[in-house]
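Working notes, structure below.
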Amino acid sequence: MNDAVWVLTLAAAVSAGTPLVFAAVGEILAERSGVLNLGVEGMMLLGAVTAFLAANASGSVIVGLVAGTLAGGGLALVHAFLSVTMRANQIVSGLALVIFGTGLATFLGSPIEGDPLKPGVTNFRIPGLADIPAIGKILFDQDPLVYVSWVVVALAAFYLTRTRTGLALRACGESPETADAMGLSVARLRYVHVVIGGLLAGAGGAYQILARVPSWSGAGTTAGIGWIALALVVFAAWRPWRALLGAYLFGAALAANFALQAAGVNVIPAEFLSMLPYLLTILVLVVLSASSARRRLGAPAALGVPYAREER
Amino acid sequence: MRIHLERRLEARRGHRALVTVLSVVAALLLGAVFLVLTGRSPIAVYTEMFRAAFLSFFGITDSLAVAIPLILTGLAAAVAFRMQLYNIGAEGQLYVGAIFASWAALALTPGMPNPVAIIIVFVFGALGGGLWILAPAIARAWLGTSEIITTLLLNFVALYLMRYLIYGSASFWRDPTSTNFPQGKPIPEEAFLPVITSTRVHLGLAVALLAAVLLWVLFSRTRFGYDVRVVGDSPGAARYAGISVPRTVIIIMLISGALAGLAGAGEVAGIAHTLDPNGLAVNFGYTGIIVAALARSNPFGVVAVAILLGGLQNAGTALQSIPGGGGVPVEVSYMLQGAILLCALAGELFIRYRLRVRRGLPDELVEDDNRSAVAEGTKP
């Protein structure tokens with residue numbers, strides 16, 4: 001069956017957007033608890049290199065995914081410690097996480113630069129659904145991790161709006177004083193969700209290396225998608241389902257390169273196509289903040305503010 | 001028994017230096033863990049690094065040469081930090097500064113006297129850096145768009161732009177004789193920065209030091225410097241005092257971008273003598289953020305920290321190439337720089353708070369104690 005270019009492009013957009021889905025949903029959970037973690041790029045990169053090393057050593061994609069996920073969570077724990085226990089400036093701590101994570105990942109990855117990934121991820125056609133014209137190819141003929149990302153989004157959305165802990169989490173991000181008075185442990189909630197955010201960022205990085213890019217290429221492996229994920233959180237107004245939609249929009253920009261090449265268009269130099277996702281992200285951020293009513297929409301009120309119980 | 005944090009009324013100077021030194025030690029220990037994990041001896045690696053960076057004449061001068069762009073990008077980050085602004089885009093501003101500076105050197109300076117050519121190159125570097133931060137500055141000043149993500153993302157755009165000019169097209173910057181392995185066109189000798197005899201330390205050092213002094217004067221001796229602090233601490237109060245917040249934001253961000261652009265000009269005219277994307281993309285901008293954070297935005301602190309981290313980066317590069325390096329990749333220095341920043345952040349707590357260990361005191365008493373402390377105005 002010969003698929004139209006636009007169908008293949010949208011399918012590529014879904015795959016390109018999947019690391020963003022994982023990372024953005026993770027960041028939504030962390031930010032909903034009131035902790036801003038700018039370190040997404042660092043966690044993704046460390047997750048990616050760990051996933052690559054583990055997958056090649058074990059010959060199993062699943063081992064790689066698990067290892068990458070844990071690496072992201074481990075790095076997030078550092079941020080949780082600095083921002084919750086040590087009450088450090090969350091912006092500087094997040095930046096430190098990016099710089100340290102990138103440094104550590106490129107250090108660990110330098111011997112394997114250019115090596116091929118031994119085990120591969122294969123697509124799984126969902127019986128029945130994959131046969132729907134166009135939509136089947138775009139959504140239901142993907143690798144299993146794409147389907148996992150949908151489950152993550154659904155769980156996160158359900159958790160935030162329909163469970164007791166989810167409510168506690170939101171209280172913690174909106175008004176930690178109130179949450180504390182309700183008898184919730186602000187520190188514990190923040191620790192847990194920053195780490196969950198890191199686990200998901202690590203999974204996003206693992207996906208990037210296991211399913212998207214063929215080999216480790218240093219900091220270029222993620223090439224800033226961690227930052228795009230951060231912008232996506234604002235775009236999604238801290239809501240998981242919107243993050244999924246937004247991720248595919250940005251995924252389309254990331255996949256535009258592929259699409260135009262497939263369509264035989266070479267008027268635009270490759271370098272300019274590569275700029276597209278970054279410029280689009282900036283544009284989206286500017287437009288969002290231009291309408292002042294929307295600017296604060298959904299942002300947790302206590303985002304980025306360390307909570308010191310004795311200074312209530 | 002419970003451990004309890006108490007805010008200090010003010011930080012002591014000696015304390016700060018001690019905590020900074022301890023952070024470096026802690027970072028080296030953290031780095032040692034990963035060196036051992038990858039099968040290397042930390043002691044051997046660190047000894048070799050220290051030797052490469054600081055124990056020979058050329059080691060020291062090379063470290064200083066690396067410190068030059070770091071002082072400028074460090075100042076770029078520090079200027080913005082002063083106002084609670086975060087310019088994470090010094091990396092890209094440096095690239096664009098280099099693009100502008102190399103254009104000016106190639107197109108304008110042939111036949112000019114050396115001093116005039118140098119001034120032109122630096123002016124264009126500053127213009128390029130300033131231009132690259134203009135859009136984020138305007139968006140931040142009038143729309144409140146977070147400058148963190150916008151400045152950062154523009155780094156990637158600048159990187160692709162620079163690659164396009166050298167690798168992706170037959171641009172004005174590219175050497176037409178380099179067909180197989182594209183390179184930048186060499187700039188004319190008129191635009192070369194003078195160097196200290198046979199070393200890589202170039203005139204950019206004087207420019208960087210001058211910038212540090214000027215910024216110190218600006219922040220501690222002028223009305224504008226005072227305004228900047230007011231806007232940073234409380235935009236509301238600033239507005240009430242008749243200070244234009246958007247204007248201050250834009251000026252500060254332009255200064256920040258221009259400083260990073262100067263760093264790019266220095267690399268072109270002082271080191272590479274061409275637009276060399278690979279030589280420029282070595283994290284000077286990102287390291288500048290660490291420099292500013294460790295120096296707590298003090299201009300003279302920036303100079304000192306830049307020399308330390310310049311040594312670290314130079315050692316990393318040297319370690320990769322010398323036979324005694326044991327195949328330690330250059331990235332070891334990036335890892336250590338990040339670790340130093342993380343440890344310094346943790347150390348910050350000990351500057352701001354005092355750890356008190358209390359035994360068997362009921363919670364209510366602890367609470368009361370703190371309420372009165374707050375009432376006395378220990379809150380920041």
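The values are calculated or read from the model by the stated rules, or taken from the named source; none is laboratory data. Computed from a prediction, not measured in an experiment: that's the story for all the values here. Virtual Cβ from ideal backbone geometry, glycine too; neighbours counted across all protein chains shown.
Looking at A:Thr221, A:Thr178, can you tell me which residue is touching a strand residue (DSSP E or B) at 6+ places or on another chain (Cβ under 9 Å) and of a type in the set (S, T, N, Q)?
Step by step, each of A:Thr221, A:Thr178 is checked, and only A:Thr221 is touching a strand residue (DSSP E or B) at 6+ places or on another chain (Cβ under 9 Å) and of a type in the set (S, T, N, Q).
So in the range A:93-118, with the set limited to residues that are surrounded by fewer than 24 Cβ atoms within 10 Å (Cβ to Cβ) and hydrophobic (A, V, I, L, M, F, W, C), which one is nearest to the other protein chains (Cβ to nearest Cβ)?
A:Leu108
Take the residues of the range B:79-98 that are of a type outside the set (S, T, N, Q), farther than 21 Å from B:Ile187 by Cβ and within 12 Å of the chain's Cα centre (by Cα): which is surrounded by the fewest Cβ atoms within 10 Å (Cβ to Cβ)?
Checked the range B:79-98; the qualifying residue surrounded by the fewest Cβ atoms within 10 Å (Cβ to Cβ) is B:Phe81.
Name every residue in the range A:117-152 that is in a loop (DSSP other than H, G, I, E, B) and among the charged types (D, E, K, R), in order of residue number.
A:Lys118, A:Asp143
Taking the criterion of being assigned to a helix (DSSP H, G or I), crowded, with 18+ Cβ neighbours inside 10 Å, over 21 Å from the mean Cα position of the chain (by Cα) and of a type in the set (Val, Ile, Thr), would at least one residue in the range B:44-62 satisfy it?
Yes: one or more hits.
Which residue, of B:Leu259, B:Leu309, B:Leu275, B:Leu319, is more than 14 Å from chain A (Cβ to nearest Cβ), in contact with a Ser or Thr (Cβ under 9 Å, 6 or more places away or on another chain) and under 24 Å from A:Ala219 (Cα atoms)?
The unique qualifying residue is B:Leu275.
Can you find a residue that is at pLDDT 90 or above and among the β-branched types (Val, Ile, Thr) anywhere in the range B:160-172?
Yes, there is a match, as at least one residue in the range B:160-172 is at pLDDT 90 or above and among the β-branched types (Val, Ile, Thr).
Hey, does the range B:126-138 have a residue that's away from every other protein chain (no Cβ under 14 Å) and in contact with a Phe, Trp or Tyr (Cβ under 7 Å, 6 or more places away or on another chain)?
Checking the range B:126-138: at least one residue is away from every other protein chain (no Cβ under 14 Å) and in contact with a Phe, Trp or Tyr (Cβ under 7 Å, 6 or more places away or on another chain).
Residue under question is B:Ala260, and the condition is that it be modelled with pLDDT of 95 or more and hydrophobic (A, V, I, L, M, F, W, C); does it hold?
yes
Quick check: anything in the range A:72-92 away from every other protein chain (no Cβ under 14 Å) and either under 29 Å from A:Phe235 (Cβ atoms) or under 16 Å from the mean Cα position of the chain (by Cα) (or both)?
There is at least one residue in the range A:72-92 that is away from every other protein chain (no Cβ under 14 Å) and either under 29 Å from A:Phe235 (Cβ atoms) or under 16 Å from the mean Cα position of the chain (by Cα) (or both).
Please give the number of the condition A:Ala88 fails out of (1) surrounded by 15 or more Cβ atoms within 10 Å (Cβ to Cβ); (2) in a helix (DSSP H, G or I).
(2)
Residues to consider are B:Ala80, B:Ala32; find the one that is assigned to a helix (DSSP H, G or I), free of Cβ contacts under 8 Å to residues at least 60 places away in the same chain, within 14 Å of chain A (Cβ to nearest Cβ) and out of contact with any Gly (no Cβ under 9 Å at 6 or more places or on another chain).
B:Ala32
It is to be established whether one or more residues within the range A:223-231 are over 12 Å from the mean Cα position of the chain (by Cα) and farther than 26 Å from A:Arg164 by Cα.
yes
The rows are residues; the columns are (1) within 13 Å of A:Gly205 (Cα to Cα); (2) at pLDDT 95 or above; (3) in a helix (DSSP H, G or I).
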{"position": "A:Leu45", "(1), (2), (3)": "yes, yes, yes"}
{"position": "A:Ala57", "(1), (2), (3)": "no, no, yes"}
{"position": "A:Thr69", "(1), (2), (3)": "yes, yes, yes"}
{"position": "A:Ile99", "(1), (2), (3)": "no, no, yes"}
{"position": "A:Gly114", "(1), (2), (3)": "no, no, no"}
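Can you find even one residue in the range B:99-120 that is surrounded by 23 or more Cβ atoms within 10 Å (Cβ to Cβ), within 14 Å of chain A (Cβ to nearest Cβ) and closer than 13 Å to B:Gly266 by Cα?
Yes: the range B:99-120 contains one or more residues that are surrounded by 23 or more Cβ atoms within 10 Å (Cβ to Cβ), within 14 Å of chain A (Cβ to nearest Cβ) and closer than 13 Å to B:Gly266 by Cα.
Might you let me know whether the range B:232-243 holds any residue that is hydrophobic (A, V, I, L, M, F, W, C), away from chain A (no Cβ under 14 Å) and touching a residue at least 40 places away in the same chain (Cβ under 8 Å)?
For the range B:232-243, residues hydrophobic (A, V, I, L, M, F, W, C), away from chain A (no Cβ under 14 Å) and touching a residue at least 40 places away in the same chain (Cβ under 8 Å): absent.
May I ask you to verify whether B:Ile149 is more than 9 Å from chain A (Cβ to nearest Cβ), in a helix (DSSP H, G or I) and closer than 24 Å to A:Gly224 by Cα?
In short, no.
Inspect all residues belonging to the range B:204-220 and state whether any of them is free of Cβ contacts under 8 Å to residues at least 40 places away in the same chain and at positive phi.
no
Quick check: is even one residue across the range B:281-301 touching a Leu at 6+ places or on another chain (Cβ under 7 Å), more than 12 Å from chain A (Cβ to nearest Cβ) and under 30 Å from B:Pro235 (Cα atoms)?
Yes - at least one qualifying residue is present in the range B:281-301.
Can you say whether B:Tyr95 is modelled with pLDDT of 95 or more, in contact with a Leu (Cβ under 7 Å, 6 or more places away or on another chain) and either among the aromatic types (Phe, Trp, Tyr) or not in a helix (DSSP H, G or I) (or both), as far as the supplied structure shows?
yes
Quick one: in the range B:156-170, of everything that is within 20 Å of the chain's Cα centre (by Cα) and facing chain A (nearest Cβ under 8 Å), which residue is surrounded by the most Cβ atoms within 10 Å (Cβ to Cβ)?
Ranking the candidates gives B:Val157 first.
If you check A:Ala67 against the conditions, is it more than 7 Å from chain B (Cβ to nearest Cβ) and either out of contact with any strand residue (DSSP E or B) (no Cβ under 7 Å at 6 or more places or on another chain) or under 17 Å from A:Gln208 (Cβ atoms) (or both)?
For A:Ala67, the condition - more than 7 Å from chain B (Cβ to nearest Cβ) and either out of contact with any strand residue (DSSP E or B) (no Cβ under 7 Å at 6 or more places or on another chain) or under 17 Å from A:Gln208 (Cβ atoms) (or both) - is met.
Do we find that A:Arg188 is under 15 Å from A:Ala30 (Cα atoms) and not acidic (Asp, Glu) in this structure?
yes
If A:Ala187 satisfies every condition in (1) more than 17 Å from A:Leu77 (Cα to Cα); (2) among the small types (Gly, Ala, Ser); (3) surrounded by fewer than 17 Cβ atoms within 10 Å (Cβ to Cβ) but one, which is the exception?
Condition (1) is where A:Ala187 drops out.
Check the range A:200-216 and report whether any residue there is closer than 16 Å to A:Val14 by Cα, surrounded by fewer than 21 Cβ atoms within 10 Å (Cβ to Cβ) and either away from chain B (no Cβ under 14 Å) or over 10 Å from the mean Cα position of the chain (by Cα) (or both).
yes
Could you check B:Ala346 against (1) surrounded by 22 or more Cβ atoms within 10 Å (Cβ to Cβ); (2) within 12 Å of chain A (Cβ to nearest Cβ) and say which number it fails?
Checking B:Ala346 against (1) surrounded by 22 or more Cβ atoms within 10 Å (Cβ to Cβ); (2) within 12 Å of chain A (Cβ to nearest Cβ), the one that fails is (1).
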